[in-house]
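Q: The structure is given below, and queries will be raised subsequently.
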Amino acid sequence: MSPSPDQQEQPHIVELVLQAKKALQQGQELCLHASSVSAASAQITVDVLALDAQVKWMSEAVLDQLQLAAQVAKSIEQKRSELEKQVEEWDNIRNQRTDALDAVLESLGTQSVPPDFYTVSADSSPFSSQNNSDDEQEGERLAQDDSTPFGPPPSTSPRMSPTDTIRTRSPALRRQQRRERRRADRSRWKTLRDFVNERAIEDLLDTIEKDRLELDDILATTSDYPESLSKTIGAIKEMVPAEISLPSFNEIFASEEATSTKMAEELESLAHHYNNMSNALHDFEEGEEFGEEDMQGMNQDAEALPVIISELESSMKTIEGFHEQLLTAKTAAQEHLEVHRRTLTDLDELGDIMTEMLERQQSVENESMDHLSYLHAQLRPLEELHHQYTSYQYAYNKLVLELARRRQYREAAQRIVATMTAQLDAMTEEERLLRAEFQAEHGQYIPEEICLYVENPPNRWTVSTWNDEPLETLPVIENDLMEEAKQRTVGVEAAISTSQSL
């Protein structure tokens, strides 16, 4: 016995209703999940915008701090440049003064001093000094030289008579001969530089150089500050992340809204299909019969349910994709924010370091300026030595001319001594005043070793010398030496007078 058509349709309608109900439940779950994800996306968007605002604020703070650090580095470098410029100016002044002093010393080394200026003969000394001159000492050394295996070589001079021997043994004659030999051999003469204490000059220059090196040591303590700060600033700049690339929120929200609207429409179609199937089941239970066409329509609607569910799932994935984009943006913003926080911490530490650098640089600057002032004071002795040796050379040349004038004076006095006693007394008084003036003007610059007799008063004359005193000892000054002295005093007198008056 086969079942009736009504009995066959009832299970099928129930199955269709269950399918519609299940599809509606799945659609509701998908839509609820999509709504929850959309709400979470909205909150994430707010978080991303807030994080982005913090990142931008911190980025500006980092850039401001880096700019300030760069200004500090530039300030330190400028201060060091100013100090180095002042040190360079001091070096130039030192070079100028040492060159000027070297030039004076070189000039002193080119001017020879006759031996009569720095040797005193026994007959010119009131105590008849027995100290031998350089030539006498050299002669004694040669006489005592027994380095040859057979003693001193025999004399090759011809045999002399007894009277010649006595005449040759005369001390005065030997001294006169030695003086003549010395005058003839100028290569053995001393120069003005031989009377200069060059050891003291070298000690002074060594002291100045030592103090100059101490200044370099002071400046070196902060020499790496600008470069160190620049490297640190560069390293921090490299740590600063690039600007966050945020997704287009308007596009995301517009797409999400369109997707949500589509899902709502699809959910509404599922609900409508479920209501239709529920009503059909109710009508079927009430005894209504469905034709083949009605059943075919119900089956077609049931077959469309998986497609709708698939579209809802696809829309759900789209909304979840938007959610993932926002989560990625939030994660990136959080990472940027954390990097900025670490950077600001590093900048705080750099600020403390820069404060110490500025304090140290100021200390170095103060110490350098004090040391530089001391170095400038150290240059004054060089200037004084230059003035002293310039005046010394000028005074010596004036001394040569003075002694030549004195010799002329003595010769003139000898010519008129017989008939001009009164006139000679007046000349003697005038001479005394001239010598006093010379001594007052130049005596302080002439070393004590040169011309000990320069302070001697002039001879007083009667018919012969006063109280028969011996004639004044004056060196023989050759014409070329007098001409050299004249040339060296031309154009120098005004400068020396001005310098001596300071």
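Computed from the coordinates by the stated procedures, all read-outs in this text should not be read as laboratory data. These numbers come from a predicted model, not from an experiment. We place every Cβ from the backbone using ideal geometry, glycine too, and count neighbours over all the protein chains shown.
Q: Sorted from fewest to most neighbouring beta carbons within 10 Å, what does the list Lys190, Lys210 look like?
A: Working: Lys190 17, Lys210 9.
Final ranking by Cβ density, sparse to dense: Lys210, Lys190.
Q: Same structure again: Which FRET efficiency value, to the nearest 0.05, is calculated for Ala304 and Asp348 with the Förster distance at 51 angstrom and r the Cβ-Cβ distance? Mind showing how you got there, number by number?
A: Values: r = 66 Å, r/R0 = 1.29.
My answer for the efficiency is 0.20.
Q: Now a separate question. Under a cut-off of 20 Å between alpha-carbon atoms, report the lysines in cross-link reach of Lys317, not counting same-chain residues fewer than 8 places apart.
A: Result set, ordered by chain and number: Lys262, Lys330.
Q: Listing Trp189, Trp466 from the residue with the fewest other Cβ atoms within 10 Å to the one with the most, what is the order? Mind showing how you got there, number by number?
A: Values: Trp189 16, Trp466 11.
So the ranking, lowest neighbour count to highest, is Trp466, Trp189.
Q: Could you list Phe117, Phe438 in order of exposure, starting from the residue whose Cβ has the fewest other Cβ atoms within 10 Å? Before the final figure, lay out the partial values.
A: On the way: Phe117 21, Phe438 17.
Ranked by crowding around the Cβ, least crowded first: Phe438, Phe117.
Q: What share of Cα pairs, in percent, lie more than 18 angstrom apart in the stretch 376-459?
A: 52 percent
Q: Expected output is a single nm value to one decimal: the length gained when fully extending between Thr473 and Thr331, i.e. 0.36 nm times separation in residues minus the C-alpha distance. What is it?
A: 40.1 nm
Q: Calculate I(q)/I(0) for the stretch 294-444 by the Debye formula, one identical point scatterer on each C-alpha and no solvent, and give its log10 at q = 0.21 Å⁻¹ to two decimals.
A: Normalising to I(0) and taking log10 leaves -1.24.
Q: Going by amide H atoms built from the backbone, whose H comes under 5 Å of the H on Tyr118, apart from near neighbours?
A: none
Q: Short version: ³J(HN,Hα) in whole Hz for each residue of the stretch 256-261, in order, from phi by Karplus 6.51 cos²θ - 1.76 cosθ + 1.60 (θ = phi - 60°), x for Gly and Pro, what are they?
A: Computed from phi, the couplings for the stretch 256-261 are 5, 5, 5, 5, 5, 4 Hz.
Q: Straight-line reach from Lys210: which lysines have a Cα under 23 Å away, not including same-chain ones fewer than 8 places off?
A: Partners within reach: Lys85.
Q: So, in nm, how far is label Gln67 from label Glu455 when the simple model puts each one 7 Å beyond its Cα toward the Cβ?
A: Each label point is offset 7 Å from its Cα along the Cβ direction, giving 7.8 nm.
Q: Also, quick follow-up: For Glu384 paired with Thr465, estimate the spin-label separation in nm (one decimal), with each label point 7 Å from Cα along the Cα-to-Cβ line.
A: 4.1 nm
Q: Once both labels are modelled 7 Å past Cα along the beta-carbon direction, what's the Lys56-Glu356 spacing in nm?
A: So the label points at Lys56 and Glu356 sit 3.8 nm apart.
Q: Within the stretch 443-480, name every residue whose backbone N is under 16 Å away from a label modeled 7 Å from Cα of Asp425 along the Cβ vector.
A: 459-467
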